[in-house]
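Have a look at the structure below before the remarks.
The values are calculated or read from the model by the stated rules, or taken from the named source; none is laboratory data. Just so it is clear, the structure is predicted and the values come from calculations on it, not from any experiment. Note that each Cβ is placed from the backbone with ideal geometry, even for glycine, and that neighbours are counted across all protein chains shown.
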Amino acid sequence: MDVKITWNWLADYVDLDGLTPQQVAMDLTHAGIPVEWMEPFAYPVERVVVGEVLSADPHPNANRLRVCRVTVGTEAPVTIVCGAANVAAGQRVPVALEGARLPDLTIGRSTLRGVESQGMICSAQELGLPVRSLAKEQTDGIFVLPGDAPLGLSIADYLGLGDMVMELELTPNRSDCLSLRGVAYEVGAIYGRTVRMPSADTGWVQPASGMARSDGNDAVAAKETAPGEPGEHGEHGEHDAGAGPASELPLTATVDTPLCPLYSVQAVTGVALGPAPIWMQMRLLAVGMRPISNLVDITNYVMLEWGQPLHAFDYDVIAHHHIVVRQAEVAEGLETLDGQVRQLSPSMIVIADPEKALGLGGVMGGRNSEVTHTTRSVVIESALFDPIVTRRTGKALQLRSEAGLRFEKGTDPDAVGPALARAVALIQLYAGGRVASPAVVKRPPLATTSDGALSGMSSAASATGSLDADLHQRPAVICLDAPRVSAFLGCDYAIDELVDVCRRLQFPVQREGQRLSVEIPARRPDITREEDMIEEFARLLSYDRIPATEMHGPLTPGRLTPEQALRRRLRTHLVSVGLTEVWTYSLVPGFVVTRTGLPADHALAQMGELQNPLSEDRRFLRSSMLFALLDVAQYNSHRRIRDIRVFEIGTVFSPRALPMTEQPTERQVLALFLAGQAMAESPHGKPRALDFFDAKGIVEHLLALLGLRARAVFLPADEPYLHAGQSARILIDGREVGVVGQLRQSVAREYGIGAGFYAELCLASLAASAEVGLTVAELPKFPGVARDLAFVAPRSLAAADLVANVRAAGGTELQAVTIFDVYTGDHVGSDAKSLALRLTFQAQDRTLTDDEVSDYVNRILASAARLGAAIRH
Amino acid sequence: MIEQLQALRTRALARLEALETSGDPGALEAWRVEFLGKKGELSSALRLMGSLSAEERPVVGQVVNEVREELESAFAQHKAQAEAQALRAREAGDAVDVTLPGRTPFLGAEHPLQKVIRRIEDIFLGLGFAIEEGPEVELDYYNFELMNFPKDHPARDMQDTFFVTEDLVLRTHTSPVQARTMEKMQPQVPVRIIAPGKTYRRDDDDATHSHAFAQVEGLVIDRGVRMSDLKGTLLTFARQLYGADQEVRLRPSFFPFTEPSAELDVRCIYCGGAGCATCKQTGWIEILGCGMVHPRVLELGGYDPHEVSGFAFGMGVERVAMLLYGVTDIRQFYLNDLRLLEQFSGLAH
Ligand SMILES: [Zn+2]
């Protein structure tokens, strides 16, 4: 939430004497209103002054040039050759004299087609004004000034080019600073200076400093709400026009919806649409708004000043001079100011007359009531609209406006009246109008309760306050104990300091002993609880005063949960066996399913989908780490990195149903991908290409780390993305915990990689099974006896099955069985293989005899024979 | 006789000395036979003993023994030297070029973001914090409502959200873990946790934004927790992470779930506070958001804000990593270019 202000504009409302923009920017930032940047409105041109074109005659030697006599007041008139088509005698214009410095050039004496030119009449572009925000007639040719521009006055002063523009980066709770008034109060609070806002009845409408004025009114400080103003009346009741003294035009209103808790309008007649005063245009330009016309500019100017959006209607299109504020009817249509026909819904607020809709309350006016050059009388509206409804309407119709932005953050009820009065006063000054009705102030029926609290509306407070603001009216008074403030912040404050902060904030405060009662004005809806006020004290007395202390309480070190410890252990282990950790996105495109060859009914093809993805590439919640690791492999392989050994520990998502209606199951998995050589390249022999058993070996290694290797069983897997003959499911105690295997060639080719190996393990399953306790086995006292047996077995016999068979038959003295050779080939049949096992027998209480061992071996041979495995001769 | 023996000794040792350079094992053996062998000179000398008088015999016998011991010891020493020399000579023939690289096993690397998370975790583990985790697909209730972001609240605009359903979002911060922890722990105190994890916001990826990023959340609830404790804890953290002479400052800010709220700045780690491009000449760098737990959040979490208070903080892991490692584009962390990641293989960092 950004807002721009200017230094001179701010100085109208709060005394900035003795301060510099740099100092104020730093102090605002330190108080929680960060000034993002600060720069002059435009290049501070030198030796460019207001001049008047005395004559503009054709150039003797050039059709398109004019020779102008220009006076700048005191000095003798100068001759300037000008190429602009719009130059004419009698105009006041910006004149760059000899030696003038403009953003892009310095002016010297020159001769144009034989006529000496002693300067230049400048265009808006040449002055460095933001031309894209100006009207066409202001940017075509020279920049014509108002007829009352004082001759000889420096243009930089006249247009305020050197005024400092600051952009404030507001936090969402400080929407009060979306106005000059809010920022003025903030600056006032920092430096203890009083804020003075213009008041309707004094007619203070001029900038107080820094900018040349076209009339002589002095700034007058006044309190915000003078007696007789609509804001004041609004506190007590309501009234229609017709009764007051200035009832030239009849005007009435009713509010039929609680979504508009306060509505006020006033008619002004005799207006003439034209440009706003130049100083107002320049201020709007400086803060990034486009000057349009006196009426529009005035409503914008007052909005920026008070934070209260205003709207102007054409009085004559209001049937029966009666305005109705209501909710839209079903399928009601309205052509808005931008020319679009909008379909409204009953949740939206409509400003209407008895016959038709005239605008969308708080969002945008209707085309039919637009103020045009034919408009004679206008109605100015100043109101409160429900923040949430305004926000929803803006979103539904995709209408973002400065007014909508302010309404949806919540506006100040106390600004409704003064802003209306201020606008009406400015219109009288700058649009030639006269007041044609008193202010009409209306509230919805039953909107006020006995204690004066508003009901029905979600309330401005709820937009920046907390959940319960709907139920409890924002307290106008916050009570706090001074010692609690010190205790909560851990910093000692004297009660006088706290009282002083309230005074600086211009919050009325009462003190009883150590207790403070602080009245919070409506302009600060963010302050609803004691802690909010504590923050005001803390920040205005500087956070730097808060010391750094140590927490009380036990300081025993924290501990990792077993699964957290497991993840750390696996990470360290995998890094030391040569795998690099990667970190990938959880959001994947839908095409990964087909890319990895998964059939539509595969579990991994069931992926949860986002309602509002940023792109197709980030639409689905990954069901597996496979997709991301293949992307990593592809990326690196395209960069000619041959050895890719990566892993990631991350989350995969399994929806309980599709489309998702509840949280998916989230599992932490460990995935790894390998491609390239089994060993790093070295000059000591040719490295071997990775194969299935390298991948399986890494898995077994980490299972061993967790004490799970002996309990793990590998069975042939059938995954659509893995090699049918070189992939395995991994089971522990019969429960599947993962998979390991070579990528299917078609998938590898799809990703442009060679042979690759993938494994994925479910960490929760591993953590649940991991060995925690350990009892050390006694070391053998008697020597063991080893026997090597070479079996010839059917090729289809799994080695694990033979080993299991041998173990079962071997008896308790069979300590270990290892496979030390596997052979297929000419020496055994084509459907057979040779498996060489080393058996180690050992007894705890004696040395085994040869005869005993031979007995065991015979039992083993007999048992193995049942699997078709015979001893090889 | 004694003179003869002394002469023999001198001669034998001189001969042995002369052999030293030859390195011929045969010559050494020949020396042994000549002087110490059964038919060698010393034995011959012994045989002459018989001709000596009884008085002379023990005197000469002692000299003979002394000479023998000396010669035998010299022989043994010489032989050992010769053998060692021969071994060295053989090894020289088997010499390798030790400057050639060894057969090094692959060495992997921890991902920089993970490394940063581990460092942060270790600091807070040492301060007595536990590590909590929560789901990435989170209920609106935990992600927003319990964190004091009511529906339609403008503060929700701060966090552009990925929706799965109306009530299910990709968590926009790790703060819902605060809510889940309170739900689990209330009304017990102290609560002292951090919660690292992945988070998501609907931002287009560029050099400083990422739709997916990591945060570490922190939450402390206890009786009498003060804002000064927040500052002290984060000062300790900053000093452990960035160096013992680090300074911190708090600046007012806003988060719906803390009040008062603050940003924590550390002295710019590039310029030490003098002002540079990274710190925009301020001498300070913002590293995290923090504040006292909002009383409404305590209430929603089942705690009585009159009984207990707390503080919370949250930091972006990528930001910490970018500052620590001089990475200027956040996307580098998600590219997984092995040439970058392998730079993190050492124990340092
Ligand atoms: Zn710096």
*Name the one entry in A:Glu550, A:Glu497, A:Glu581, A:Glu531 that is under 27 Å from the mean Cα position of the chain (by Cα) and among the acidic types (Asp, Glu).*
A:Glu531
*So which residues in the stretch B:202-243 are among the basic types (Lys, Arg) and assigned to a loop (DSSP other than H, G, I, E, B)?*
B:Arg202, B:Arg223, B:Arg226
_So for the stretch B:314-332 (the condition being part of a loop (DSSP other than H, G, I, E, B), farther than 30 Å from B:Arg180 by Cβ and in contact with a strand residue (DSSP E or B) (Cβ under 9 Å, 6 or more places away or on another chain)), does at least one residue qualify?_
no
*asked:* Step by step: first the residues of the stretch A:821-873, then only those that are assigned to a loop (DSSP other than H, G, I, E, B) and of a type in the set (D, E, K, R), then the one that is nearest to A:Arg795 (Cα to Cα). Which residue is that?
replied: A:Asp831
*Considering each of B:Thr161, B:Thr172, B:Thr181 in turn, give the residue that is in contact with a strand residue (DSSP E or B) (Cβ under 9 Å, 6 or more places away or on another chain), in a helix (DSSP H, G or I) and either on the phi < 0 side of the Ramachandran plot or charged (D, E, K, R) (or both).*
B:Thr181
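If you go through the stretch A:552-575, how many residues are within 27 Å of A:Arg645 (Cα to Cα) and within 7 Å of chain B (Cβ to nearest Cβ)?
Here the count works out to 4.
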*Out of (1) more than 24 Å from B:Thr10 (Cα to Cα); (2) surrounded by fewer than 17 Cβ atoms within 10 Å (Cβ to Cβ), what's the single condition that is false for B:Gln114?*
(2)
*Just to be sure, is B:Phe237 away from the ligand (no atom under 16 Å from the Cβ), in the same structural domain as B:Ile117 (by TED's automatic domain parsing), closer than 16 Å to A:Thr549 by Cα and of a type in the set (Phe, Trp, Tyr)?*
yes
_Take the conditions in contact with a Gly (Cβ under 7 Å, 6 or more places away or on another chain) and at pLDDT 90 or above and apply them to B:Gly108. Does it pass?_
yes
*Inside the stretch B:115-144, can you point out the residues that are within 7 Å of chain A (Cβ to nearest Cβ), out of contact with any Leu (no Cβ under 8 Å at 6 or more places or on another chain) and aliphatic (A, V, I, L, M)?*
B:Ala130
*Taking the stretch B:242-273 as the region of interest, how many residues are among the hydroxyl-bearing types (Ser, Thr, Tyr), farther than 17 Å from A:Gly490 by Cα and away from the ligand (no atom under 16 Å from the Cβ)?*
1
*asked:* Which numbered condition in (1) without any contact (Cβ under 8 Å) to a residue 60 or more places away in the chain; (2) touching a strand residue (DSSP E or B) at 6+ places or on another chain (Cβ under 9 Å) is the only one that A:Gly650 fails?
replied: (1)
*Within the stretch A:541-551, is even one residue modelled with pLDDT under 95, facing another protein chain (nearest Cβ under 9 Å) and surrounded by fewer than 18 Cβ atoms within 10 Å (Cβ to Cβ)?*
yes
*Limited to the stretch A:616-654, what total is found for residues that are within 25 Å of B:Arg202 (Cα to Cα), more than 9 Å from chain B (Cβ to nearest Cβ) and not hydrophobic (A, V, I, L, M, F, W, C)?*
7
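Residues are listed down the side, and each one gets a yes or a no for (1) assigned to a helix (DSSP H, G or I); (2) closer than 30 Å to A:His573 by Cβ; (3) among the aromatic types (Phe, Trp, Tyr):
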| site | (1), (2), (3) |
| --- | --- |
| B:Leu48 | yes, no, no |
| B:Pro58 | yes, no, no |
| B:Gly61 | yes, no, no |
| B:Glu91 | yes, no, no |
| B:Pro101 | no, yes, no |
| B:Phe106 | no, yes, yes |
_Residue, nearest to the other protein chains (Cβ to nearest Cβ), within the stretch B:192-222, restricted to residues that are small (Gly, Ala, Ser) and out of contact with any strand residue (DSSP E or B) (no Cβ under 8 Å at 6 or more places or on another chain)_ = B:Ser210
*Write out, first by first residue and then by second, each pair whose Cβ atoms fall under 6 Å of each other, whose residues are 6+ apart or on separate chains, and whose first residue, in the stretch A:664-682, is facing chain B (nearest Cβ under 10 Å) and farther than 24 Å from A:Tyr751 by Cα while the second is outside any loop (DSSP other than H, G, I, E, B) and modelled with pLDDT under 95.*
A:Gln668/A:Leu763
*Taking the residues in the stretch A:410-425 that are crowded, with 24+ Cβ neighbours inside 10 Å and under 16 Å from A:Leu259 (Cβ atoms) as candidates, determine which candidate is modelled with the lowest pLDDT.*
A:Gly410
*asked:* Is it the case, given these coordinates, that B:Val225 is within 16 Å of the ligand (Cβ to nearest atom), buried (at least 19 other Cβ atoms within 10 Å of the Cβ) and facing chain A (nearest Cβ under 8 Å)?
replied: no
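Have a look at B:Met185, B:Met147 and point out the one that is more than 10 Å from every other protein chain (Cβ to nearest Cβ) and in contact with a Ser or Thr (Cβ under 6 Å, 6 or more places away or on another chain).
None of the others qualify; the one that does is B:Met147.
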_Unmet requirement for B:Val63, which otherwise passes all of (1) surrounded by 13 or more Cβ atoms within 10 Å (Cβ to Cβ); (2) within 14 Å of chain A (Cβ to nearest Cβ)_ = (2)
*the stretch B:274-302 residues that are in the same structural domain as B:Gly326 (by TED's automatic domain parsing) and within 16 Å of the ligand (Cβ to nearest atom), paired with ones that are among the basic types (Lys, Arg) and in a strand (DSSP E or B) (beta carbon under 7 Å, 6 or more apart)*: B:Gly283/B:Arg267; B:Trp284/B:Arg249; B:Trp284/B:Arg267
